[in-house]
Amino acid sequence: MPVMFQDGTTIMVKWPQAARDEFGKAIIEARHSFHNSPLFCDGSLAALLDMYPRDKLGIWTFAEHGEGEEAPVKGEAPDMSGEELLEAVKTGRIWLNLRATNQLVEDYAPIADQIFDGIQTMSGQKVMKRDMGVLISSPNVNVHYHLDIPMVALFQVRGQKTAWFYPPTERFAPASSLEAIALREKEEGLHYSADFERLAQEFSLKPGMGVTWPQTAPHRVQNGDMLNVSLSCEFMTLPAIINANATYTNARLRRDFGANPPRAYGVSPETVSKALIARVLKRVGKRAPETSPTPATFAVDLSVPNCTRQLQ
């Protein structure tokens, strides 16, 4: 059902009728009207940045796109106002990730409910672990080649960006790297090679457009020459949980027993068994860290180039 705001603005998301058969197997495009919401104007975004817990705010910058594995650079901005942070994004090279905005700022919860309930109806699968992040990012900034362990749907609200998606196979995302990400030993970045482009699928995203893709499919993103605002919606279905936990078990088998297990993908007796083993391993083993393994090395500063000042 569409959501109506106090000013009469109505928002909704629409998936293709045939999406259920392709869900989790292929890239699926959606149409939405979230860009019509008053929650994404400059004033609302500045207020959101003030309300959002600053210690949970993901502040990052990225080098230019290139071959190899470029690690994201983490920053901090403990004393800046929301208005100042937004100005830094507009004029610098900053990428903000407000994870779980739907859980931390109640005004945004109805949009998340609209998204996740819609995915549940579209896919015919229960959608769990619902995390809607608001991404606010600088003109021309790029997000390096990486993958996500949860399933993801991305909705463009302001600005334009281009996203490239790659097959979730050993060539594009080696099992050893996938497992390290699952254990949170490293960030989500992967080694990129220009010859990957031969099998890339390119999507240009404008306000009103959205996309979801198969679990752990690598991707990279390039912003256009304007402020970008997107909704990054992470979630799990039962098959996705099985796959993620089977990957966790593979990681432990590789590290603790020197095994070389095949990549976990899909639902099979093997992946279900490994998912059950993961529940035991997580109880008795060392817990994965809840926070990013990357320390902050810059501060957001409006007075310096790219608004990134290196910390001493």
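Can residue 148 be described as modelled with pLDDT of 95 or more, open to solvent by less than 30 Å² (accessible area, probe 1.4 Å), closer than 20 Å to residue 235 by Cα and assigned to a loop (DSSP other than H, G, I, E, B)? Talk me through it step by step, then tell me what you get.
Working: modelled with pLDDT of 95 or more: yes; open to solvent by less than 30 Å² (accessible area, probe 1.4 Å): yes; closer than 20 Å to residue 235 by Cα: yes; assigned to a loop (DSSP other than H, G, I, E, B): yes.
Yes, satisfied.
Among 236, 226, which is open to solvent by 30 Å² or more (accessible area, probe 1.4 Å) and either closer than 30 Å to residue 13 by Cα or among the polar types (S, T, N, Q) (or both)?
Working: 236 fails: open to solvent by 30 Å² or more (accessible area, probe 1.4 Å).
Within the list 236, 226, the selection yields 226.
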- Item | Residue tally, condition part of a loop (DSSP other than H, G, I, E, B), more than 17 Å from residue 266 (Cα to Cα) and of a type in the set (S, T, N, Q), over region 151-175 | 1
- Here the residues within region 261-278 that are touching a helix residue (DSSP H, G or I) at 6+ places or on another chain (Cβ under 7 Å) and over 22 Å from residue 25 (Cα atoms) are 261, 277, 278
- Query: Filtering region 109-145 down to residues that are among the charged types (D, E, K, R) and either under 18 Å from the mean Cα position of the chain (by Cα) or within 20 Å of residue 187 (Cβ to Cβ) (or both), which residue is surrounded by the most Cβ atoms within 10 Å (Cβ to Cβ)?
  - Reply: 130
- Query: Any idea which of (1) touching a residue at least 40 places away in the same chain (Cβ under 8 Å); (2) open to solvent by less than 80 Å² (accessible area, probe 1.4 Å); (3) more than 17 Å from residue 58 (Cβ to Cβ); (4) not polar (S, T, N, Q) is the one residue 266 doesn't satisfy?
  - Reply: (1)
- Task: Return yes or no: is residue 214 more than 18 Å from residue 245 (Cα to Cα), open to solvent by less than 40 Å² (accessible area, probe 1.4 Å), outside any strand (DSSP E or B) and at pLDDT 95 or above?
- Result: no
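Can you find a residue that is in a helix (DSSP H, G or I) and either out of contact with any Gly (no Cβ under 7 Å at 6 or more places or on another chain) or within 14 Å of residue 306 (Cβ to Cβ) (or both) anywhere in region 122-134? Before the answer, list the steps.
Within region 122-134, the subset in a helix (DSSP H, G or I) is 122-123.
Next, from what is left, pick out any that are either out of contact with any Gly (no Cβ under 7 Å at 6 or more places or on another chain) or within 14 Å of residue 306 (Cβ to Cβ) (or both): 122-123.
Yes, the conditions are met somewhere in region 122-134.
The values are calculated or read from the model by the stated rules, or taken from the named source; none is laboratory data. Not measured: the values here are computed from a predicted model. Positions of Cβ are generated from backbone atoms using ideal geometry, with glycine treated the same way; all protein chains shown enter the neighbour counts. Just so you know, the surface numbers come from the protein's heavy atoms only, side chains and all, with ligands and any DNA or RNA stripped out. Shrake-Rupley method; radii C 1.70, N 1.55, O 1.52, S 1.80 Å.
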